[in-house]
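This report concerns only the one structure given below.
The values are calculated or read from the model by the stated rules, or taken from the named source; none is laboratory data. Note that the structure is a prediction, hence the values are computed from the model and not measured. Cβ placement follows ideal geometry from the backbone for every residue including glycine, while neighbour counts extend to all protein chains displayed.
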Amino acid sequence: MIKTDALIIGAGPTGLFTAHQLKLIGLNCEVVDNLDKIGGQCIELYPDKPIYDIPAVPECTGEELTNNLINQLKPFDINFHLNERVDEVKKENDRWFVKTSNNKIFLTPNVIIAGGVGSFEPRKFPPKECEKFENKSLFYTVKDKRIFEGKTVSIFGGGDSALDWAVELSKKSKVNLIHRRDEFRGARSTVNKINELADAGKINLFTKNQLSNVNGSDQIQSIDIKHDEGEIKKLETDYVLGFFGLIMQLGPIASWGLNIDKKKIAVDTEKFETNQKGIYAVGDICSYPGKLKLILSGFHEGALAARACFKLARPNEKYRFEFTTTSSNLLKRLGKKD
Amino acid sequence: MPKITYITSADKIHEVEVENGLTVMEGAVQNDIPGIDADCGGGMACATCHVYVTEDWFNKLPKKEDGEEDMIDMAYEPKKNSRLSCQLIVSDDLDGLIVNIPSKQA
């Protein structure tokens, strides 16, 4: 169990700057994010797109912004728990008991939700029957490729993940690659490789097709794919893999007893606290009259929520406002003064 | 102002006037039309403002950029007449446009 002054959910720009503010005022914090990397939407959705409305930064990309925020955290020691989703938040005496998808447990007086539009989860196949095979013979990520050896694997998707796995698995498995149109959006060299493998009979290519059904009792036995023109084909298969990128889902947050409307959490504008004492929401996920979904608003909200955390984490101390330009306390924490 | 008709998957018809220059996605969000999530806010990065456009309109609309077609790969139940409504900019030419909202965005 990890005890901490504050737990931040979400390692996007707002979560990162909130961590900075917590550390600056002398609190420790831990950060959990379901993505495998730091940066949130900036890194997952628009790493190369320019942003023009960060104060004092005339232009930067999502990736540059993320890197700058990470640099700003360098003086501090912060643990990031990536690839983990917070599944449970419940009250335990005057602390919050927080459990992740990896069964990590935190105990903290303060939980700051900087969750953007929710956690990034794999997009799933539309047919309802797919659910019962999920993580048995139907997967959205590959954890252990050895299970596919000598089997038939049907891979859906047209991007790099689908193509890379089709190439890789074709070495030891029978591979069907199914995509909704003729063009693939993966790297040119990989697309060429796929075409070579298809010509050599190593990969069966089905374009302009989508999954219409999965058949089997315990394990998948076959799938039906439907062509644009309506023709349905049955393919024998042992495994199905789908690579349709990630989508943001509110997920477990909805069950923590918070006031949620239209996927946004209601907060006050003094502490950015929710209806639960010690749980705050900042950034895109919070709502209050006049809320702007701007990164700069997230920074402000995080700074204020951090001060509110101080009261619960250090009930016997008084928080004193200080400037980084002049405070020897803050300069010490920033490593600028011994 | 151009009229845009949004038909939900439950066949509920919402006919609204949308100002020129806004996107079909923004027209839906501003009029509280359910079923268009627009998680990324119009960045062509999430495919949660996916709509189906009736065939006669589909051919009249400006063609998709590559990026839009790539994103539609990710959409829930894409079809030949799929578009991302954040990429459809309302103008007098689009007056009368009818779009169908899919049953889910993800």
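Key figures
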quantity	calculated
Residue in segment A:197-214 that is of a type in the set (A, V, I, L, M), closer than 14 Å to A:Ala162 by Cβ, surrounded by 16 or more Cβ atoms within 10 Å (Cβ to Cβ) and within 14 Å of chain B (Cβ to nearest Cβ) present	yes
Near pairs, Cβ below 6 angstrom, 6+ apart or cross-chain, from segment A:171-192 (more than 14 Å from every other protein chain (Cβ to nearest Cβ) and crowded, with 19+ Cβ neighbours inside 10 Å) to any residue that is polar (S, T, N, Q) and part of a strand (DSSP E or B)	A:Asn176/A:Ser154; A:Asn176/A:Asn204
Answer residue from segment A:34-58, given it is under 28 Å from A:Asn83 (Cβ atoms) and not in a loop (DSSP other than H, G, I, E, B) and is modelled with the lowest pLDDT among those	A:Glu44
Close pairs from segment B:1-19: first touching a residue at least 60 places away in the same chain (Cβ under 8 Å), partner basic (Lys, Arg), Cβ under 9 Å, at least 6 apart	B:Tyr6/B:Lys12; B:Ser9/B:Lys104; B:Val18/B:Lys3
Hey, B:Asp66 without any contact (Cβ under 8 Å) to a residue 12 or more places away in the chain and not aliphatic (A, V, I, L, M) or not	yes
Residue check, A:Gly216 in contact with a Leu (Cβ under 7 Å, 6 or more places away or on another chain) and small (Gly, Ala, Ser)	no
Any chance A:Val142 is in a loop (DSSP other than H, G, I, E, B), hydrophobic (A, V, I, L, M, F, W, C), in contact (Cβ under 8 Å) with a residue 60 or more places away in the chain and closer than 30 Å to A:Asp218 by Cβ	yes
Test: residue in segment A:305-313 that is under 22 Å from A:Pro252 (Cβ atoms), within 27 Å of the chain's Cα centre (by Cα) and surrounded by 14 or more Cβ atoms within 10 Å (Cβ to Cβ)	yes
For A:Ile247: the one exception among (1) within 14 Å of another protein chain (Cβ to nearest Cβ); (2) more than 24 Å from A:Glu131 (Cα to Cα)	(2)
Failed criterion for A:Lys49 (all others in (1) free of Cβ contacts under 8 Å to residues at least 24 places away in the same chain; (2) crowded, with 19+ Cβ neighbours inside 10 Å hold)	(2)
Subset tally (residues that are within 14 Å of chain B (Cβ to nearest Cβ) and within 15 Å of A:Ser137 (Cα to Cα)) for segment A:215-242	1
Conditions (1) within 14 Å of chain B (Cβ to nearest Cβ); (2) surrounded by fewer than 21 Cβ atoms within 10 Å (Cβ to Cβ); (3) over 26 Å from the mean Cα position of the chain (by Cα); number of the one not met by A:Asp160	(3)
Filter result for A:Gly278 (out of contact with any Leu (no Cβ under 8 Å at 6 or more places or on another chain) and away from chain B (no Cβ under 14 Å))	no
Matching residues in segment A:159-170 - criterion: being farther than 23 Å from A:Ser222 by Cβ, in contact (Cβ under 8 Å) with a residue 24 or more places away in the chain and not hydroxyl-bearing (Ser, Thr, Tyr)	A:Gly159, A:Asp160, A:Leu163, A:Asp164, A:Val167
Number of the exception - A:Gly150 against (1) on the phi > 0 side of the Ramachandran plot; (2) assigned by TED's automatic domain parsing to the domain that holds A:Arg180; (3) under 23 Å from the mean Cα position of the chain (by Cα)	(3)
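A quick yes/no check of all residues on (1) modelled with pLDDT of 95 or more; (2) basic (Lys, Arg); (3) touching a helix residue (DSSP H, G or I) at 6+ places or on another chain (Cβ under 9 Å):
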{"residue": "A:Lys143", "(1), (2), (3)": "no, yes, no"}
{"residue": "A:Gly150", "(1), (2), (3)": "yes, no, no"}
{"residue": "A:Gly159", "(1), (2), (3)": "no, no, yes"}
{"residue": "A:Val167", "(1), (2), (3)": "yes, no, yes"}
{"residue": "A:Lys171", "(1), (2), (3)": "yes, yes, no"}
{"residue": "A:Lys193", "(1), (2), (3)": "yes, yes, yes"}
{"residue": "A:Ala198", "(1), (2), (3)": "yes, no, no"}
{"residue": "A:Thr207", "(1), (2), (3)": "yes, no, no"}
